[in-house]
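Notes for the one structure printed next.
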Number of protein chains: 4
Amino acid sequence: MIKVGIVGGTGYTGSELLRLLVRHEQVDIKAVTSRSDAGTGVAEFHPGLRGEIDLALTTPEDARLADCDLVFFATPNGTAMHEAGGLLEAGTRVIDLAADFRLKDLGVWQHWYGMTHAAPTLVEEAVYGLPEVNREAIARARLVANPGCYPTAVTLGLLPLLEAGLVDASRLIADVKSGVSGAGRKPSTALLMAECGESFKAYSLGGHRHQPEICENLKQAVGVDVGLTFVPHLVPMVRGIEASLYATLQRSGVDVDLQTLFEDRYRAEPFVDVLPSGCSVETRSVRGTNLCRLSVLEPLGAGVVVVQSVIDNLVKGAAGQAVQNMNIMFGWDEATGLALSALAP
Amino acid sequence: MIKVGIVGGTGYTGSELLRLLVRHEQVDIKAVTSRSDAGTGVAEFHPGLRGEIDLALTTPEDARLADCDLVFFATPNGTAMHEAGGLLEAGTRVIDLAADFRLKDLGVWQHWYGMTHAAPTLVEEAVYGLPEVNREAIARARLVANPGCYPTAVTLGLLPLLEAGLVDASRLIADVKSGVSGAGRKPSTALLMAECGESFKAYSLGGHRHQPEICENLKQAVGVDVGLTFVPHLVPMVRGIEASLYATLQRSGVDVDLQTLFEDRYRAEPFVDVLPSGCSVETRSVRGTNLCRLSVLEPLGAGVVVVQSVIDNLVKGAAGQAVQNMNIMFGWDEATGLALSALAP
Amino acid sequence: MIKVGIVGGTGYTGSELLRLLVRHEQVDIKAVTSRSDAGTGVAEFHPGLRGEIDLALTTPEDARLADCDLVFFATPNGTAMHEAGGLLEAGTRVIDLAADFRLKDLGVWQHWYGMTHAAPTLVEEAVYGLPEVNREAIARARLVANPGCYPTAVTLGLLPLLEAGLVDASRLIADVKSGVSGAGRKPSTALLMAECGESFKAYSLGGHRHQPEICENLKQAVGVDVGLTFVPHLVPMVRGIEASLYATLQRSGVDVDLQTLFEDRYRAEPFVDVLPSGCSVETRSVRGTNLCRLSVLEPLGAGVVVVQSVIDNLVKGAAGQAVQNMNIMFGWDEATGLALSALAP
Amino acid sequence: MIKVGIVGGTGYTGSELLRLLVRHEQVDIKAVTSRSDAGTGVAEFHPGLRGEIDLALTTPEDARLADCDLVFFATPNGTAMHEAGGLLEAGTRVIDLAADFRLKDLGVWQHWYGMTHAAPTLVEEAVYGLPEVNREAIARARLVANPGCYPTAVTLGLLPLLEAGLVDASRLIADVKSGVSGAGRKPSTALLMAECGESFKAYSLGGHRHQPEICENLKQAVGVDVGLTFVPHLVPMVRGIEASLYATLQRSGVDVDLQTLFEDRYRAEPFVDVLPSGCSVETRSVRGTNLCRLSVLEPLGAGVVVVQSVIDNLVKGAAGQAVQNMNIMFGWDEATGLALSALAP
C-alpha cells in the first residue's frame, strides 16, 4: 500500500485516474488537488464517484504531497516542470500525464509548447512511459513522462514495422481520429456539442504537438529518422482514438507475414491485442479499458501496409497507462487495478 | 464457486452479463448458448471480451444446463417459460431477464405479450427480482423474474412516495427516456443510427408492456391500485434511462421533507443513491454501474413532486440487477462483482 | 424589398436568421453586427454561408441601423431594451429574439432575468410574436417580442385544450427536451460535447425562465390562470425540441374528439401540422423547417391527455418564427422565405 | 416543366431526391415507386414531406414511367440495368443513382458487384455524371451514371493534382469517413445505433467497390494509371463524408502554389468551393447542400500534399448531384432547385 497524490483532480485525466485508483488494492489516495475548487468534495465534483471516495479537493500547498510515495500530475502543460524537482528531492516519485518531460530535445519542446523549460536536467532523467518500449527503465525511474494519447496509438501501431525495417520510415502517414474528451474540460466554443456534434473535421492543420513526440520516440526506439505526416480529426463521440497508419513496404519481394510479425511482437504484452487477420478494430471494443487493439493488412497486395490502432484516449492514452507505469515502478503485477472489460455497447 | 449457464449470449443483456460474470469471483461460466451462432467463440462474437473468456457458443442442447447451479435466460420473451421448469426440477435455479415471469396476472400478461403462457404454476412461484422490495423472497427463490429496465427506474423513484401515502396514486405520470440499446440487437430499420441519431421522439403511444408491470408491482408493494400514464421516448445515445416522475401531493398542509423521506428509504441500499437536494441526476453518472441515482423536489412549492431516476438500462436495468439477485440467492455479499465506477465522461 | 439589420450575428439564432434571410426575396441585408468580431467577413465567421453573403460584421455604431426598415436583435437578454426605443423613434421596426419584451409583468421579468428593465413603456407596446395567437396585432406592431423556443412548442400544444376548456388548467405538466444548440454558442464547460454527449439529464430544477413566459401567455390567450410544472431536459443532439404535455380531462363524461379538436384549431395555420391519430412526432421531421408538428391522444382512456409537440428550436423556436413575424408585419405571404423541407435523415 | 418518375422512393437517396424535387420549378413528379409499400402515401412514409407532395407510392408497373421525360433510379444495384433500356427506347432519359453504369470495364464491375451485367451496350453509352469532368457529355446524354458518394469526394479532391501531374499517381491514399446514412435504410445489425453510436471503426478492409470506380474515372480524366489505397471508416453521425487524401509531390524542386492550383481549377464550378489557405473543412458546412468544399496544404513542407474534401453524402454524393445532372441534361441553370444553405449548426 503506497500513499498517492493527484495534482489536478478536476480534468478528465484526473477523474479517470480517480476512477482507476479508488479500486486499486495497493493505493491509498492521500490528496487530490485543485486550486480553483479547493474545499469541494471530490465526489461532489465528480458525481459518478459518489460513495467511492471521501476526500475533498485541496490546494497543492495544503496537500503535503512530499509525504506521498508517488504523485501524479494531471495538470496543464508547464505545471509539473516547476513542482517535480522538489518532490523528487523529498523522495517522492512522479508520473506526469502532461507533456513537460516527453521530449528530450529542449529546442523542439520549446518550439511546440511556447515556453522555456524550467527543469532541463529532469528532462534528461525522465523516462518515456511507454511500457512496450521502456519497461525496464520505467521500473527504475523516479520520474516518468506518460505518453500522449495519439503517440501511444501511433507508436504501438508502427513499431513492429519499423523494428523489422520493413517499411520506408521517411514516408509514414498517420490519419488519426479522436473523441472530444481528448481536448479536455476547459470551456471552449469549438468543443461545444452544438459545434462538434453531427460533424466531422480535421484540425491543427498547421501541425500538432504529438507529431514531434511520435517522431522522437520512434527514432529512439528504432534508431532511424522518421518522416511522418500526421493529420488529426475530431470525431463526434466522447471517448476513443483510432489511428489509420499507412507505410510503404520496401522489401516487396521478401515474403513477410505481417500478421505473424505483429502477433509475435506483442504476444507477451498484457495490454496490446492483435486482432485476427481480416478483423477490424473499433473504438468501443477498448472503451474503459487499458488495451490497444491492432489490425494489420496490405490491401489488394499493393505494397502499402495499413495498420489500425484503437485505444481509449483516457485510459491507455492517459490515466490507465499511468497506472500501468505505477505498477511497473513499484514492482506489482502490471495489470493490478486494470482488469477492466470493455463497455460495449 | 458455482456453475453458471447463460442462455442467449449474443444480445445486449447477454453480453453485459458476460462482462460482469467473467470477473465475478464466485462464478464459473460453464456454457453460453446461441442457436444461430453455435460454434463461434464468445470473444469472437464480442471482441470487447477477447482475452476474458475461452468458451465457444453452443446450442442449448449441447450446453448441459441442468449441470449448472444457476442459469440466466437472456432470451426473447416466451423462451424461458418453456425451459425453466425442467431446470428447476433438476435442481438448477433460474433467473429470467425477459418478461416471462414478471406479471402475476396471466390475463394481463397474455394480452400484452400476445402468447399463451406455457408455465402458469411457475408464474405463481416466481419472485419479482427487485431487491429493494423483495430481498428476502429473492434469497429463498428458485426462480427469479428480473425486472424490466423502465420498471426498475420508475418503481424505485415512486416507492418512497407511495409507501408514505403522500401522493395521489391514481394520477401518476412517468415520462421516461431510454438509450437505443434498450431495444436490443435485432436488425431493424427504426433503430438504425440513420433513423434515430440526431432525433428525439416518443414511441409505443398505444401502450407499452412495462406499464402493467409497474402498476402490478407497485400495487403489490404498497397495496393500492395505481393509475399510471407512461410515455417512453427514444434518446439518441446508446446506454441509459432517465425517468421523470410526476405525482400530486395529497397532504399539502402536512410538512413533509421529501429529501429526508428518500434518504431514509434508501440509506441501507447498496445500489440506490439519493442525490443531495438541488442536484440533478444524469445518465452518465451511472454508466456501466448497477446504481440507480435519484433526485426529488417539489418545484416552486406547487404541490407536484418531481422525481428523477437514472439507471444504466443494461446494468441495474438488466444484467447487473440479475447479478445482484444471484448474489442474494447464493448468500454472498450483494455487491460481489458489482464494484464498478461510472464511466464518465 | 426592405432594408434589414441584424444585431448579433455570431450566435446561433443570428446565423440561422442569416441562413433564412440570404434567400428571402423581399429582404436586403444591410448590416450584421458583432462587437467582438467586427471586421471579420460574415461568411468567414460562418463557413456554411460562403458564397451567400458579402458583408463583413460591423460594430452596432457603424451599422447605421436606423436606416433599416427592420432590425432583428439576436442578442443576449438585456440588450434590445436599450436600443429598441431609438430605432422605433427613427421609424425602424424591431423584432427582438431575446426575452426583453416577452413578459408584460415587469416584476416577474425582473425576478427571472435579474435586471431592472430599461424600457417599461416598450414592454407595454410590444406584441408577443406567436402568429397562431396574435396574428393581427403582429401585423400592426412596431415592436415584436419573438417567443422563446420552449414557449412556442408548449403553447401550441396546450392551446386547443385550454381554449376548449377541456382540461384542468391548474395542473398542467410539460416535460420538455431540447438539443444543445438551444443553450447558445458561449464557451461553457457544461455544454462541451464531452459533458453532454452520450448522456441525458434534466436541468434548471430550481425553475426556468420559460415557465412564467408560458403561463403569462396562456393566461392572455385563454383568460384563466395556469398552473404549470415545467421540467426541461438536455438531449445529446444539436437541434430540436420535443415537449410531452400532460393535462387532466375535466369533462370525462363528455364526448370529445381530441384529434378533430386539434385539426380544426390548426387547419388554417401554415406552420402547424397535426399528425394523424396514432402517429408519433419526431424532431427530425421538422429539422431545418418552421413547422410545429403535433400529436394528441388519451392513452388507455385514462383521463390524461398527452400532447406531443416538436419544433426546430432555431427555426420555429427562434429565427424562422422571426421571419414569419416579419412577413406578417410587412404584409407578405406568411411563408415567404420559409419554404423549407425537413432534412431527414 | 418536365415529367419525372422516381423508381425506389423509400430509401435515403429516394427521399432526398424528393426533398429536392418537390421544390424544383421545372419538375412535375408523376410517379414514385416502391414494390413493398405501394399504396402508402409518399408523405405518410416520409413524414418530413407532409404537405409537400400528394402522391402515393405505386408499383413500377402502375407508374407508367415511359410517359416521363426523365426517370431516376434510386434502387439497389442491379435494378436499373434491367429497366433502363426499355425507357430509353421509349424516349425517356435515365439517371441511375446506383452503380449499374458507373464502370466501363465489365469484368471489374462483375467482380465487385457479383452479378452478370444485363445491359453491356448501355454501359458503353452511359455518361459518368460528374459535372466537373463530363459536363458536355452529360448535356447530350440519354443515360447518366450518377457517381458514388466516396468517388465524388475523392475525385474532386485529387483531380487538380493529377491533371497538373504534380504527384505520384501510383501511391495515392484516401482515408475516407462517412456518416451512417451512406449505408442505406435496410434493416441491419451492424448499423443499429447501439452498434455504431459512440464508436469509430474502419470497414470493408478487404476492399470497397468505390475503389475501382475512383481508379477508372481518374484514369479516364487524366490518362494515367492510378494506384489508390482506399480505407473507408464509419463515423457516428448521420450525414456527411470527409476524405483526407495523401499524395507525394514528385516535383519538389518546382515552385507550385497548391492553393492557386485548386482555386483556378474550380473557379467556375458552382458546387465546388476551395477554402482559403489554413482553413479546415467540416462536414456540417455542407450539410443539406450540393457543395463539395476542399482544403489543400503540404504540412511542414514535407513533400506530402494533404487534401481534405467534404460533401453531404446524400446531396452532392447522390440526390443533389443527380439533380445537377438533370439540370445540365435539360439545359437549365445548373443550380436550379439547388440553392440550399448549409444547416449549421
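A short reminder: the numbers here are calculations on the coordinates, not readings from a lab. Please read these numbers as outputs of a predicted model, since none were measured by experiment. Cβ placement follows ideal geometry from the backbone for every residue including glycine, while neighbour counts extend to all protein chains displayed.
So the values come out like this:
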read-out: Pseudo-label separations to other copies for A:MET115 - Cα-to-Cβ vector, 7 Å, nm; value: 3.9, 6.2, 6.3
read-out: Inter-centroid distance (Cα atoms) of the stretch D:173-212 relative to the stretch C:88-107, Å; value: 49
read-out: In nm, spacing of pseudo-spin labels at A:GLU298 and C:ALA137 (7 Å Cα→C-beta vector); value: 7.7
read-out: Amide H within-cut-off set for D:VAL71, under 5 Å, with H built and near neighbours excluded; value: D:GLY5, D:ARG93, D:VAL94, D:ILE95
read-out: Per-pair calculated FRET efficiency, R0 = 30 Å: C:ARG23 and C:ASP67 via Cβ, rounded to 0.05; value: 0.85
read-out: Within-11-Å neighbourhood charge of A:ALA56 [Cβ basis; K, R +1; D, E -1]; value: -4
read-out: Computed magnitude of the charge dipole of the protein assembly as shown (debye, nearest 20; Cβ of K, R +1, Cβ of D, E -1); value: 0
read-out: Exam field: B:ALA139 pseudo-label spacings to other copies (7 Å along Cα-Cβ), nanometres; value: 4.9, 7.6, 8.8
read-out: Cβ neighbours within 10 Å from other chains - mean over A:278-290; value: 5
read-out: Label point 7 Å beyond Cα along the C-beta direction, distances from B:ALA268 to other copies (nm, shortest first); value: 5.4, 6.6, 8.5
read-out: The stretch D:150-313, Rg to Rh (Cα coordinates; Rh as Kirkwood inverse mean 1/r); value: 0.98
read-out: Taking chain A and dividing mean pair separation by its residue count, relative contact order in percent (alpha carbons under 8 Å, at least six apart); value: 17
read-out: Over the stretch B:150-313, relative contact order from alpha-carbon pairs under 8 Å, at least 6 apart, %; value: 31
read-out: Kirkwood hydrodynamic radius (C-alpha pairs) into Stokes-Einstein, chain B, 4 °C and 1.567 mPa s, D in µm²/s; value: 63
read-out: Percentage relative contact order, the stretch D:2-125, counting C-alpha pairs under 8 Å, at least six apart; value: 24
read-out: Residues C:ASP225 and B:ILE2, FRET efficiency given R0 of 56 Å [Cβ-Cβ distance, rounded to 0.05]; value: 0.35
read-out: Simple Cβ-charge dipole of chain D, Lys/Arg +1 and Asp/Glu -1, about Cα centre, in debye nearest 20; value: 440
read-out: Of C:ALA194, C:ALA119, C:ALA99, the one that fluctuates the most in a GNM where chain C has Cα springs shorter than 10 Å; value: C:ALA194
read-out: Beta bridge orientation in chain B: antiparallel %, DSSP, nearest 5; value: 45
read-out: Cα-projected label distance for B:THR336 with A:GLU124, points at 7 Å along beta-carbon direction, nm; value: 5.6
read-out: Magnitude of the charge dipole, the stretch A:52-189, Cβ model with Lys/Arg +1 and Asp/Glu -1, debye to 20; value: 400
read-out: Fraction of beta bridges assigned by DSSP in the protein assembly as shown that are antiparallel (%, nearest 5); value: 45
read-out: Scattering profile of the protein assembly as shown at q = 0.05, 0.07, 0.08 Å⁻¹ [log10 I(q)/I(0), Debye over alpha-carbon scatterers]; value: -0.38, -0.78, -1.04
read-out: Residue and distance (whole Å) for the chain C Cβ nearest the axis that superposes C on B; value: C:ASP175, 2
read-out: Most fluctuating residue given options C:ASP28, C:ASP257, C:ASP67, as computed from a GNM of chain C linking Cα atoms under 10 Å; value: C:ASP257
read-out: For the stretch C:1-105, with +1 on Lys and Arg beta carbons and -1 on Asp and Glu, the positive-most of C:GLY51, C:THR33, C:GLY85 along the dipole; value: C:GLY51
read-out: Residue with peak Gaussian network fluctuation, chain A [Cα springs, cutoff 10 Å], from A:LEU130, A:LEU55, A:LEU192; value: A:LEU192
read-out: Amide H contacts of A:VAL27 (H built 1.01 Å from N, under 5 Å, at least 5 apart or other chain); value: A:ILE2
read-out: For residues of D:181-188, the mean tally of beta carbons on other chains within 10 Å; value: 4
read-out: For the stretch A:44-61, 3J(HN,Hα) per residue [Karplus equation, 6.51 cos²θ - 1.76 cosθ + 1.60, θ = phi - 60°, Hz, x = Gly/Pro]; value: 6, 6, 10, x, x, 9, 4, x, 9, 8, 9, 6, 9, 5, 10, 6, x, 4
read-out: Per-residue [θ]222 nm for chain B (sum of -39500 (n - 2.57) over DSSP H runs n ≥ 4, rounded to 500); value: -8000 deg cm²/dmol
read-out: Ratio Rg/Rh [Cα only; Rh per Kirkwood] for the stretch B:2-125; value: 0.99
read-out: Size descriptor, Kirkwood hydrodynamic radius, that averages inverse alpha-carbon separations across the stretch C:194-265, Å; value: 15.4
read-out: Selection from B:GLY197, B:SER170, B:GLY157 lying farthest towards where the dipole of the stretch B:150-313 points positive, charges on Cβ; value: B:GLY197
read-out: Cβ neighbours within 10 Å from other chains - mean over B:166-178; value: 3
